[in-house]
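The structure appears right after this line, and notes come after that.
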Amino acid sequence: MPLTSPDRAPYFIGAYAAAPSLLGWDPVAEGKFLASVLALDGVAGLEIPFTGKLHKEDEAWFLRQLPENARFVVTTIPGTMARLQADPGFGLASTSASGRRSALDFVQDALESVKRLNRQVGRPAVAALELHAAPIAIEDAASAAALEASLTELAGRDTGGARLVLEHCDARMPGQTPAKGFLSLEAEAEAVQRACDATGYPFGMVVNWGRSVIEQRRPEAGREHITYLRDRGILGGVVLSGCSSIDTTYGPAWADVHVPAAPPEPAPARTSDLGVPSDGLLEPGSLLTIERMEECLQAAGPLHETGFRAIKVAAPPKASVEQRVTAIAQSLAVAQQVTPDPTDLALSAESA
């Protein structure tokens, strides 16, 4: 697979958000989809969802599909949300002793899955394991102190070479129904910084653009959150995933449904042909425009100092395998129009 062209910085792809298996299990269709996504120019590897295993249908099958030269990020958000349905006190930030212990055990299960993946490809291949500050921050159900205690304990675990990072999800806001409703960015950052200071472990935080914008109901929020974390030296990654202030094919306004990027409009500073069909699978109602991508990536700064970059977008509900791949490819093409840091390109070329 081509990890990246010489003039393009690599992205991890959260392909599960557009996978055929969302509609039912067909290993032939799923295999074709994964191989096609991994073959896209500019793809470093996959962001893989951990639900208790690395593929909700067949982990052993999934691991056999992975190229030996790819890298990966593992996210625990699908498993975290499923466990919250069964136990509202579950989470690394939980003030319930049993809920926090269950979450720590869950993270250990995720770390064991990282090691299984490493064994499959024959090397440490997971760049980061994304954690989350569940549960919903209602009254005293969650706290920065509990999150700090969890992270401090996790600092001593064998991570299989993966960096532990906390992905910020939308916090509870007055007058809004939250998508996730976890701790505020400031509370999470305090816990992460205290855990770093106490243990010496390089915890980081990840900004998911769509989730930050859903929280604040302002498209500037993604860039602001990135800047806030970078200024504190704990930015550990940026995920470009869209959202919309209006209903779209993908879901209602402000839903956390990984809306694709908006179609770009040619500008004098860019080429007249951005390589993205105007009748493609981008979403005109998306707030994630090429200009906002550029602002966020510039705010994030050098890739080698501030963690990974990822793209996670959905596909239309009844899309074919080819359309699902195209939905990802078109949002990736928009992101690739943003001029990367020259140092990042040099480091990408060295690691390819």
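The values are calculated or read from the model by the stated rules, or taken from the named source; none is laboratory data. Because the structure is predicted, anything quoted here is derived from the model rather than measured. Cβ sites come from the backbone with ideal geometry, for glycine too, and all protein chains shown count toward neighbours. Protein only, heavy atoms only, side chains kept; ligands, DNA and RNA dropped before computing areas. Shrake-Rupley method; radii C 1.70, N 1.55, O 1.52, S 1.80 Å.
A few points about this structure:
- With the whole protein complex present, residue 22 retains an accessible surface near 100 Å², based on a 1.4 Å probe.
- For region 19-111, GluC sites (Glu not before Pro) are listed when DSSP marks them as loop and at most 14 other Cβ atoms sit within 10 Å of their Cβ; the list is 57, 68.
- Using the Cβ of residue 168 as centre and a radius below 14 Å, the other residues enclosed give a net charge of -3, where K and R count +1 and D and E count -1.
- GNM result for the chain, Cα springs below 10 Å: residue of 64, 163, 100 fluctuating most strongly: 64
- Accessible surface, per residue, of the chain when the full set of protein chains is kept, probe 1.4 Å, Å²: 39 Å²
- Span-like helix criteria (full DSSP H runs; alpha carbon extent of at least 18 Å along the helix axis; mean Kyte-Doolittle hydropathy of at least -1.0) are satisfied in the chain by 97-121, 185-199, 321-335.
- Less than 5 angstrom separates the built amide H of residue 164 from those of 129, all sequence-distant by 5 or more or on a different chain.
- In the chain, Cα pairs under 8 Å separated by at least six residues give a relative contact order of 17 percent.
- Set of lysines near residue 32 by C-alpha distance (under 19 Å), chain-local residues within fewer than 8 positions excluded: 56, 312, 318
- Solvent-accessible area of residue 81, all protein chains in place: 50 Å² (probe radius 1.4 Å, heavy atoms, ligands and nucleic acids excluded).
- Förster radius 25 Å - calculated FRET efficiency between residue 65 and residue 249, Cβ distance, rounded to 0.05: 0.35
- Carbon plus sulfur fraction of accessible area for the chain, probe 1.4 Å, in percent: 51 percent
- Helical content alone sets the calculated 222 nm signal of the chain at -12000 deg cm²/dmol, taking -39,500 (n - 2.57) per DSSP H segment of four or more residues and averaging over every residue.
- Which label in (1) 171; (2) 125; (3) 150 gives the computed volume of the Cα convex hull per residue in Å³: (2)
- Each residue, residue 177 and residue 104, gets one label point 7 Å from its Cα in the Cβ direction; the gap between the two is 3.6 nm.
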